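The values are calculated or read from the model by the stated rules, or taken from the named source; none is laboratory data. All figures in this text were calculated on a predicted structure; none of them were measured in a lab. Cβ placement follows ideal geometry from the backbone for every residue including glycine, while neighbour counts extend to all protein chains displayed. Protein only, heavy atoms only, side chains kept; ligands, DNA and RNA dropped before computing areas. Shrake-Rupley method; radii C 1.70, N 1.55, O 1.52, S 1.80 Å.
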Amino acid sequence: MSLLFFGLTQFAILAYALVGGVFLAFSDFIMRSLSLTDGIGGVQAMQIINREVFRWVFMALFLGLAVISLAIVGYGAVNLDHPAGILILVAGNVYLIGCFGVTVFFNVPMNEALAGMALSEDATRAYWTDIYLPRWTFWNTVRTLACGTSAALLLFALLWITQSPAATLQTAAR
């Protein structure tokens, strides 16, 4: 493993954990708190949050991790002969499917639907309570678990590589 890729995987572990932490906050207490409003307050707050999420820090991590995960998957695929390579491959795929894919195919469409709804309509309150809150929170929890799993798998892979005498020799040879 090159020093550059070693550093990239360390960054990815931290970034997976940071993104997962944001999702954890939503699944653990933010969505529950928003559900305790009169409905309109929760909808309005979530509409604002969904606009503000496009600030550069979170989006840079979230989108950057998709690119980094592709590199991680590629590295893992080339190094499948070592068990750590399998862990690296799985870590990247878990983020790409369980976090990025879930966001694109589940959470974002619900956010877009909510963004187009008027606060004063009964249908908005019904969508918020009956559909958005339970489904969005479920898929957000999937994203949380995917980020945590990716971080853990990548950490285990790096530990395996750095603790294995044969892997240390291979790393030194590269």
field: Per-residue ³J(HN,Hα) for segment 108-122, Karplus 6.51 cos²θ - 1.76 cosθ + 1.60, θ = phi - 60°, Hz, x for Gly and Pro
entry: 4, x, 5, 5, 5, 4, 5, 4, x, 9, 7, 5, 7, 8, 5
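Would you mind calculating the relative contact order of segment 40-110 from Cα pairs under 8 angstrom and at least 6 residues apart, reporting the percent as a whole number? Could you put the intermediate results ahead of the total?
Values: 41 pairs, mean separation 16.9, N = 71.
It comes to 24 percent, rounded to a whole number.
From the square roots a ≥ b ≥ c of the eigenvalues of the alpha-carbon gyration tensor of segment 75-148, which class results: rounded (a/c under 1.5), prolate (a/b over b/c), or oblate? Numbers along the way, then the final one.
On the way: a/c = 6.75, a/b = 3.66, b/c = 1.84.
Taking the square roots of the gyration eigenvalues as a ≥ b ≥ c, segment 75-148 is prolate.
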Built amide H within the under 5 Å cut-off of Thr37, gap 5+: Gly42
- prompt: Roughly how many nanometres apart are two label points built 7 Å out from the Cα toward the Cβ at Ala45 and Thr162?
  reply: 4.0
task: Subtract the Cα-Cα distance of Ser120 and Phe6 from 0.36 nm times their separation in residues, and report this length gain in nm to one decimal.
output: 35.8 nm
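For segment 36-100, rounded, prolate or oblate, judged on the Cα gyration tensor with a ≥ b ≥ c (square roots of eigenvalues), a/c < 1.5 rounded, else prolate if a/b > b/c? Walk me through the numbers before you get to the answer.
On the way: a/c = 6.11, a/b = 2.82, b/c = 2.16.
In terms of gyration-tensor shape, prolate.
On the protein heavy atoms, probe 1.4 angstrom, tell me the percent of accessible surface of segment 62-149 carried by carbon and sulfur. Let's see the in-between values first.
On the way: 2990 of 4130 Å².
Roughly 72 percent of what the probe reaches on segment 62-149 is carbon or sulfur.
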query: Could you state the number of Å between the C-alpha centres of segment 45-95 and segment 10-42?
result: 18
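Name the shape class, rounded, prolate or oblate, that the alpha-carbon gyration tensor gives for segment 1-63, where a ≥ b ≥ c are the square roots of its eigenvalues, rounded holds for a/c under 1.5, and otherwise prolate holds if a/b is larger than b/c and oblate otherwise.
Details: a/c = 7.31, a/b = 2.57, b/c = 2.85.
Taking the square roots of the gyration eigenvalues as a ≥ b ≥ c, segment 1-63 is oblate.
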- request: Calculate, for segment 1-112, the solvent-accessible area per residue in square angstrom, rolling a 1.4 angstrom probe over the heavy atoms of the protein chains.
  value: 51
message: Compute the helix-to-body angle for 56-78: its Cα long axis versus the longest principal axis of the chain, expressed 0 to 90° and rounded to tens.
response: 40
query: Hey, in the GNM for the chain with a 10 angstrom Cα cutoff, which one of Tyr95, Tyr16, Tyr132 fluctuates hardest?
result: Tyr132
task: Using only alpha carbon pairs under 8 Å that are at least six residues apart, calculate the relative contact order of the chain and give it in whole percent.
output: 37
